[in-house]
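The values are calculated or read from the model by the stated rules, or taken from the named source; none is laboratory data. Note that the structure is a prediction, hence the values are computed from the model and not measured. Reconstructed Cβ throughout: ideal geometry from the backbone, glycine too, with neighbour counts over all protein chains shown.
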Amino acid sequence: MENEKYRLSIADIEDEEILEFDFDDDIKELEDCHVSAELDFYSMGDFIEAKGHVEGKVTLECDRCLNKFVQDLDFDIDETFAKKSLLDEYGQEVELSNGQFVTDLDGAEEIDVYDLLYQSVILALPNKKVCGINCNEGLFVSTDEIKTHDTRMDVFKNIQIKGK
């Protein structure tokens, strides 16, 4: 497998108090995305916790002008994995609150760090991808169509406020 070097054995994590893992590679599913990460994995009974910091760059396409631009990545990871299936313990639906999201390994013997970083980068991307604060190109509206005065607001010009 291509990403075999980015798989951590659960047994190796359990043998160490803290298993440190450094990642410095491209996320191939994203255009021009290079990521550097320093992660620590802790075994805590039935759970494994991954904490660390991620930095990098990814090329995105502006939602307004459709030009490509480079977005800096700089975020922390705090992920919890359940070694055994949680379905056995929680057979019915349970409402999760903040900080209770857990990835179920369902008895797997490895953690795919590459997949963890890929998903974390996707979640760290902005919802609205805009190349810059002054980007107003490609709004798909010609300047002739932009109104400088909205007549619907004229009703507010004549409002009288008592006491003023």
(message) Restricting to region 104-114, count the residues that are loosely packed, with under 15 Cβ neighbours inside 10 Å and either acidic (Asp, Glu) or at pLDDT 90 or above (or both).
(response) 3
(message) For Ala50, only one of the following conditions fails: (1) at negative phi; (2) modelled with pLDDT under 90; (3) among the small types (Gly, Ala, Ser). What is its number?
(response) (2)
(request) Go through (1) closer than 29 Å to Lys51 by Cα; (2) at pLDDT 75 or above; (3) part of a loop (DSSP other than H, G, I, E, B) and name the single condition Gly132 misses. (result) (1)
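Residues checked against (1) under 17 Å from Leu117 (Cα atoms); (2) modelled with pLDDT under 95:
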{"residue": "Glu4", "(1), (2)": "yes, yes"}
{"residue": "Ser9", "(1), (2)": "yes, yes"}
{"residue": "Asp46", "(1), (2)": "no, yes"}
{"residue": "Glu55", "(1), (2)": "yes, no"}
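Matching residues to (1) part of a loop (DSSP other than H, G, I, E, B); (2) in contact (Cβ under 8 Å) with a residue 40 or more places away in the chain:
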{"site": "Ala11", "(1), (2)": "no, yes"}
{"site": "Glu14", "(1), (2)": "no, no"}
{"site": "Phe23", "(1), (2)": "no, yes"}
{"site": "Asp32", "(1), (2)": "yes, no"}
{"site": "Ser43", "(1), (2)": "no, no"}
{"site": "Ile48", "(1), (2)": "no, yes"}
{"site": "Val54", "(1), (2)": "no, yes"}
(request) Just one of (1) modelled with pLDDT of 65 or more; (2) loosely packed, with under 10 Cβ neighbours inside 10 Å trips up Thr148, so point out which. (result) (1)
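Quick one: in region 56-83, which of the residues that are part of a strand (DSSP E or B) and among the aliphatic types (A, V, I, L, M) is surrounded by the most Cβ atoms within 10 Å (Cβ to Cβ)? Can you show your working first?
First pass over region 56-83, keeping only residues part of a strand (DSSP E or B): 56-61, 68-82.
Those left that are additionally among the aliphatic types (A, V, I, L, M): 58, 60, 70, 73, 77, 82.
Numbers: Val58: 21, Leu60: 19, Val70: 10, Leu73: 19, Ile77: 19, Ala82: 17.
It comes out as Val58.
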